[in-house]
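One structure is given below, encoded as structure tokens.
The values are calculated or read from the model by the stated rules, or taken from the named source; none is laboratory data. What you see is a predicted model; the values in this text were computed from it and never measured. As a convention, Cβ positions derive from the backbone with ideal geometry for all residues, glycine included, and neighbour counts pool all protein chains shown.
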Amino acid sequence: MRRLFSISLLLIAFLTPGHLKSQEKPEQPAVRDFQSGGYYVNLPVDSGRTQNPTVALFKSMFVPGWGQLGNKKYVKAGIFMALEGSLVVTLIHYSQKTSAAREKFDAAANTVVKEYYFNKFLEAKNERNRFSWYLGTTIFLSMFDAYVDAHLAKFPQYEKRISFDLVPHPDGGIAANLQLNF
């Protein structure tokens with residue numbers, strides 16, 4: 001039994017990922033060939049702009065805009081920070097309004113007053129729930145925006161430009177060539 005345990009420990013030690021990581025990985029070329037729109041493009045990949053997509057997702061889930069900041073998308077980060085912050089403030093406002101209406105409802109002795117505060121309570125509760133859904137949806141969009149941007153950071157960057165050329169036509173005359181890269 002002791003021998004079987006020793007053999008299994010040796011197998012585990014040799015087959016762990018740490019042992020396999022010590023092997024050298026082949027270098028990947030800085031230029032990738034791929035087909036886009038019928039044209040072959042050789043562009044360098046900016047590997048300094050990448051973060052792990054899963055890390056970006058969780059960063060954006062816990063702190064508004066943090067995943068976008070890691071992807072160097074500063075405008076998106078600011079938008080998500082402002083949007084999530086305003087939704088949290090609004091959600092807190094309606095939560096307090098719901099609690100206040102509930103306390104006034106519980107304290108009221110007259111049925112007409114109770115009905116009034118009950119309606120106020122329902123209105124505040126519905127608004128609180130609506131803004132809860134808005135906040136959840138915004139966090140979800142923020143998370144997966146950061147995730148997708150982290151994946152797309154490894155793609156080659158194109159120059160966004162418009163070019164216009166006048167070239168001789170094979171049948172004679174002049175041809176106009178308008179090109180938009182996006």
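Hey, among Ile162, Ile79, which residue is surrounded by fewer than 12 Cβ atoms within 10 Å (Cβ to Cβ) and either in contact with a Lys or Arg (Cβ under 9 Å, 6 or more places away or on another chain) or free of Cβ contacts under 8 Å to residues at least 40 places away in the same chain (or both)?
Numbers: Ile79 fails: surrounded by fewer than 12 Cβ atoms within 10 Å (Cβ to Cβ).
None of the others qualify; the one that does is Ile162.
Restricting to segment 94-136, what's the tally of residues that are of a type outside the set (D, E, K, R) and under 27 Å from the mean Cα position of the chain (by Cα)? I'd like the intermediate steps shown before the answer.
To start, the set of residues in segment 94-136 that are of a type outside the set (D, E, K, R) comprises 94-96, 98-101, 105, 107-113, 116-119, 121-122, 124, 126, 129, 131-136.
Then drop every residue that is not under 27 Å from the mean Cα position of the chain (by Cα), which leaves 129, 131-136.
Qualifying residue count for the region: 7.
Taking Phe140, is it surrounded by 12 or more Cβ atoms within 10 Å (Cβ to Cβ), modelled with pLDDT of 85 or more and within 20 Å of Leu69 (Cα to Cα)? Yes; evaluated as a whole, the condition is true for this residue. Can Lys97 be described as assigned to a helix (DSSP H, G or I), closer than 21 Å to Thr54 by Cα, of a type in the set (Lys, Arg) and touching a helix residue (DSSP H, G or I) at 6+ places or on another chain (Cβ under 6 Å)? Against the criterion (assigned to a helix (DSSP H, G or I), closer than 21 Å to Thr54 by Cα, of a type in the set (Lys, Arg) and touching a helix residue (DSSP H, G or I) at 6+ places or on another chain (Cβ under 6 Å)), Lys97 does not qualify.
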